[in-house]
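Working notes for the structure below.
Values quoted throughout were computed directly from the atomic coordinates according to the rules given, and no laboratory measurement underlies them. It should be emphasised that the depicted structure is a prediction, and the values quoted were computed from it without experimental measurement. No Cβ is skipped: glycine too gets one built from the backbone with ideal geometry, and neighbour counts run over all protein chains shown.
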Ligand SMILES: [Zn+2]
């Protein structure tokens, strides 16, 4: 995907990381504020304030009081480009090279800034134009369109819900190992048995076995209603 309004390589890696972080906050319908951007990137809020100002001067973002930071059309195109690189690289590392799903993110964080458009196309073609990455996040198409499945955090589900895992947060390798050990991959069908009160665990039935996961983990998993739940796990 080429962006006619930006000269490729004109943005620093740091700027690309900010645009990507803002895109990823907004794609989950959350507000991109100085503190949510700082939180996501593990950076101190004053640095975020300075960079947002710089990005606003370049007309890549706009920052309205009470509205938070939004991407301009050009800013969104630049963000989508980096996100497409990141998610395609993750998919390639996982599927073609067998890199475990908890290790692909950190590799992609580095490679996303440096691959050429030609390599991007070749990876896309070799994988058969995939639409989701190993963590369930949508891979933007070459023309920049993003098809997103409507999903809610698992922590908001209730006992008796039948859901399917759509996406898991990809940034914490230990969380991904925790989820992998419990077979909580995108596409896994899950029955919510009950949610313990007062911020307790969410008890799930996965492939017939009961599994309790902590509230923090349940907040990192996004699920959609499962239209055709299996009956085999009924007691
Ligand atoms: Zn990632």
- When the helix-only estimate is applied to the chain (DSSP H runs of n ≥ 4, each -39,500 (n - 2.57), divided by the residue count), what is the mean residue ellipticity at 222 nm, nearest 500 deg cm²/dmol? -11500 deg cm²/dmol
- Query: Between the helical axis of 45-57 and the dominant principal axis of the chain, each derived from Cα atoms, what acute angle in degrees is found, rounded to the nearest 10?
  - Reply: 50 degrees
- In degrees, nearest 10, the alpha-carbon axis of helix 73-95 is tilted away from the dominant principal axis of the alpha carbons of the chain by 50 degrees
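Determine the gain in length on full extension of the stretch residue 193-residue 58; use 0.36 nm per residue of separation and subtract their C-alpha separation, reporting nm with one decimal. Numbers along the way, then the final one.
Values: separation 135, 0.36 × 135 = 48.60 nm, distance 5.01 nm.
This chain segment gains 43.6 nm when fully extended.
Between residue 72 and residue 181, what length comes free when the chain is fully extended (0.36 nm per residue of separation minus the Cα-Cα distance, one decimal in nm)?
So the extension gain works out to 35.2 nm.
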- Calculated P(r) tail over 27 Å for the chain, as whole % of Cα pairs: 40 percent
- If contacts are Cα pairs under 8 angstrom and at least 6 residues apart, what is the relative contact order of the chain in percent? 15 percent
- Going by how many other Cβ atoms sit within 10 Å of their own, how do 164, 83 line up, fewest first? 164, 83
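Tell me, Kirkwood radius of the stretch 159-210 from alpha-carbon pair distances, in Å?
Details: mean 1/r = 0.0851 Å⁻¹.
Answer for the stretch 159-210: a Kirkwood hydrodynamic radius of 11.7 Å.
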- Given the peptides 183-189, 131-137, arrange them by the average over their residues of other C-beta atoms within 10 Å, most packed first. 131-137, 183-189
